[in-house]
Amino acid sequence: MKRLTPFLIAGAALALGSCAAGGNTSNNGRRADIPKAKVTGKAVTCLPIQTIRESIVRDDWTIDFRTNGSQWYRNNLPNRCNGLGMERAFTYTTSLTQLCNVDIITVIANNGGMGPINRGACGLGEFTPVELTK
């Protein structure tokens with residue numbers, strides 16, 4: 001039997017997404033105010049789901065994941081994920097206990113009470129351990 005594991009990013013980032021995404025975004029959907037990331041180790045292809053504590057969508061190309069012990073992993077998507085930076089919310093489904101670079105995320109939008117709307121799907125990249133700088 002296939003186990004489905006939804007992972008929904010919502011909250012304050014979603015509320016601020018429409019305000020913040022407009023002014024600091026270039027034509028290609030990359031934000032100018034993403035925290036710099038110093039690489040601290042070799043990239044990995046998967047993260048165990050049970051260790052993921054937080055994720056922050058930075059723009060259409062970048063998601064930062066915080067795991068147990070406050071270790072951060074930056075995922076630079078191999079292709080632009082249109083709408084991800086604006087909506088700042090995604091879900092995924094996997095039959096494994098890991099989120100991997102071969103997995104697909106689905107951008108979702110809140111449509112004001114009628115339930116989430118699927119805004120498209122995108123592939124993940126590798127997870128690079130980083131130290132975020134302010």
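We did not get these values from a lab; they are worked out from the coordinates using the rules stated. Treat the numbers as computed from the prediction; the structure is a model and nothing was measured. Note that we place each Cβ from the backbone using ideal geometry, even for glycine, and neighbour counts take in every protein chain shown.
Close amide H partners of L124, meaning residues 5 or more places away or on another chain with modelled amide H under 5 Å apart, are D103, I105. Counting Lys and Arg as +1 and Asp and Glu as -1 over every other residue whose Cβ lies under 13 Å from the Cβ of L132, the net charge comes to +2.
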